[in-house]
Amino acid sequence: FFFASGMDLSACSPPDKRSKTVQELFSSEQLYITNLQHMVDGFIKPLKENNLITNATISGIFSNVEVILKFHLEFFFPMLEKEIKEWSDTSLLGEIFSSLSPGFKLYSQYCSNYDNAIALVQENKKNNQQFQKFLAEAQHSERFQGSYITSMLILPIQRIPRYEMFLGELVKRTPEEHPDFSALKQAFTSVSKQAFQINEACDKAENVLKVTEVSRALGIENLLAAGRKHVREDSLEDQKPDGQAVNARCFLFSDIIILSHEKRSKKVNIVLDIDLCWVRDMTKPESCQLITTKGTHILKFSSESNQQAWVKDFGNLLRARITGVTGKSILAKRADYHVTDETTTGVFSLHFSGESPAESPNTVTRKKRASKWFATLKKKKKLKDPREEKEEEASELPGDSTGQRRNSLPHDSNSLEAEDITPLSARQSNRLRSSQYSHSETSAQQRREFRRSASVANNRARALIRSASKADK
């Protein structure tokens with residue numbers, strides 16, 4: 001369908017599919033420029049005026065948004081608007097994109113900075129209450145109408161792929177004999193190359209946005225981590241081995257699994273390390289067992305296909321981690337555990353088989369309380385810690401120096417006569433014993449040796465006295 005006279009596509013309904021595509025491109029461009037202007041007027045300018053964050057932080061978050069906006073306002077949009085206002089069957093768009101495509105390189109700088117921008121938003125939101133309040137007020141303002149700052153920051157990331165999509169549609173809907181066909185095809189090739197160069201940045205940006213959305217929805221702070229990717233999420237039923245079941249959302253990331261339950265209108269999130277997770281099939285095709293260090297979860301999916309897709313994604317992620325740089329350490333950790341159904345047939349659980357299992361937080365707490373209790377008793381009643389008693393008992397085993405000295409002492413009267421031993425009086429014994437106790441540096445073993453030596457000396461003296469009295473008689 002061709003028409004010779006000019007038509008304002010911004011004010012009337014187009015008669016053919018090609019013109020409709022051009023009209024959609026123009027409307028999309030108008031909305032995009034409006035949103036960029038909102039970012040400048042609603043974020044950058046007030047942040048600079050109120051000194052809520054440093055200028056370096058503002059530049060780190062918004063990168064070259066102002067330069068991109070200027071390029072579209074002063075160059076791209078005026079040329080596009082001129083063609084749209086006087087649209088006809090001979091109007092040309094390919095030349096506009098071809099001549100201005102070098103300006104699209106501005107997006108490479110913005111896309112490469114996107115990860116840093118999101119990290120700065122999270123960091124300053126956490127440490128700066130005024131900035132956090134500013135973002136909340138901006139989100140609910142008339143200008144942004146509920147859109148969070150991350151939803152605005154991703155707009156430039158999506159723009160070049162949008163141009164690629166529009167140009168692809170125009171090439172399909174433009175006849176080969178049309179004067180704009182070759183220029184459109186050339187422009188499509190040029191924009192596609194630039195889109196390919198920033199596709200990786202776009203994927204990262206969309207992943208960061210998704211992880212941020214999940215973090216806000218679940219109320220988990222600092223869910224963003226280097227290399228973490230959102231893979232999928234499913235609605236399912238989480239059953240326990242005892243038969244209790246709750247509705248849950250399962251979020252599968254490249255390194256963790258999050259099971260989110262709702263209990264009494266309160267979210268309960270279970271975060272699981274994917275490196276220490278095992279999956280086992282069940283007799284029911286829509287279910288599988290997720291065995292972890294925090295317990296076993298029977299996951300019942302909405303369909304068998306969803307279960308198979310989830311198990312496949314889980315297997316691919318775990319395989320990628322095992323064959324990656326940290327694969328050896330992951331295999332070493334997994335080797336310390338074995339999966340068994342010894343307790344309940346068909347229901348698997350995880351058992352630690354290594355030499356030094358990690359203590360649970362409850363065990364550590366109990367040990368701390370016990371140590372504190374023994375320390376208190378030792379101060380009040382001078383009681384000994386059982387651990388010290390075990391050490392003392394070990395030191396008294398046959399073959400130690402104390403035992404050898406004790407066994408080597410003479411016990412018969414003849415040997416006693418050969419020694420000039422005077423028995424200790426009760427007062428001398430007590431005085432010596434108390435003086436030994438008064439030295440804080442004297443160990444328990446030394447005190448014990450003193451008591452034994454004093455007792456042996458008294459026994460020798462008594463034996464000598466008895467033998468002397470018998471001789472007198």
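Here the stretch 45-92 is the region considered, the condition is being among the β-branched types (V, I, T) and either farther than 26 Å from Y163 by Cα or in contact with a Lys or Arg (Cβ under 9 Å, 6 or more places away or on another chain) (or both), and the residue that is surrounded by the most Cβ atoms within 10 Å (Cβ to Cβ) is I68. Scanning the stretch 187-228 for residues that are touching a residue at least 12 places away in the same chain (Cβ under 8 Å) and part of a loop (DSSP other than H, G, I, E, B) yields G219, I220, E221, N222, L223, L224, A225, G227, R228. Checked against the criteria, S182 does not count as touching a strand residue (DSSP E or B) at 6+ places or on another chain (Cβ under 9 Å), open to solvent by 40 Å² or more (accessible area, probe 1.4 Å) and of a type in the set (S, T, Y).
Would you check if there is a residue in the stretch 188-206 being surrounded by 15 or more Cβ atoms within 10 Å (Cβ to Cβ) and under 21 Å from I258 (Cα atoms)? Yes: the stretch 188-206 contains one or more residues that are surrounded by 15 or more Cβ atoms within 10 Å (Cβ to Cβ) and under 21 Å from I258 (Cα atoms).
Is one or more of the residues making up the stretch 219-240 closer than 20 Å to H297 by Cβ, open to solvent by 60 Å² or more (accessible area, probe 1.4 Å) and out of contact with any Phe, Trp or Tyr (no Cβ under 7 Å at 6 or more places or on another chain)? Taking every residue of the stretch 219-240 in turn, at least one turns out to be closer than 20 Å to H297 by Cβ, open to solvent by 60 Å² or more (accessible area, probe 1.4 Å) and out of contact with any Phe, Trp or Tyr (no Cβ under 7 Å at 6 or more places or on another chain).
Results for (1) at pLDDT 90 or above; (2) outside any helix (DSSP H, G or I); (3) touching a Leu at 6+ places or on another chain (Cβ under 9 Å); (4) among the hydroxyl-bearing types (S, T, Y), shown as yes or no for each residue.
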| site | (1), (2), (3), (4) |
| --- | --- |
| C111 | no, no, no, no |
| A119 | no, no, yes, no |
| Q122 | no, no, yes, no |
| K126 | no, no, no, no |
| F131 | yes, no, yes, no |
| L135 | yes, no, no, no |
| A138 | yes, no, no, no |
| R143 | yes, yes, no, no |
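Residues of the stretch 69-107 that are among the basic types (K, R) and either within 19 Å of S10 (Cβ to Cβ) or modelled with pLDDT under 90 (or both): K82, K85, K105. Filter the stretch 255-302 for residues that are touching an Asp or Glu at 6+ places or on another chain (Cβ under 6 Å) and either among the polar types (S, T, N, Q) or open to solvent by 30 Å² or more (accessible area, probe 1.4 Å) (or both) and give the result. The answer is P285, E286, K300.
The values are calculated or read from the model by the stated rules, or taken from the named source; none is laboratory data. No experiment lies behind these values; they were computed from the predicted model shown. For neighbour counting, all protein chains shown are included, and Cβ atoms are generated from backbone atoms with ideal geometry for every residue, glycine included. Quick note on the areas: whole protein, heavy atoms, side chains included, nothing else; ligands and nucleic acids left out. Shrake-Rupley method; radii C 1.70, N 1.55, O 1.52, S 1.80 Å.
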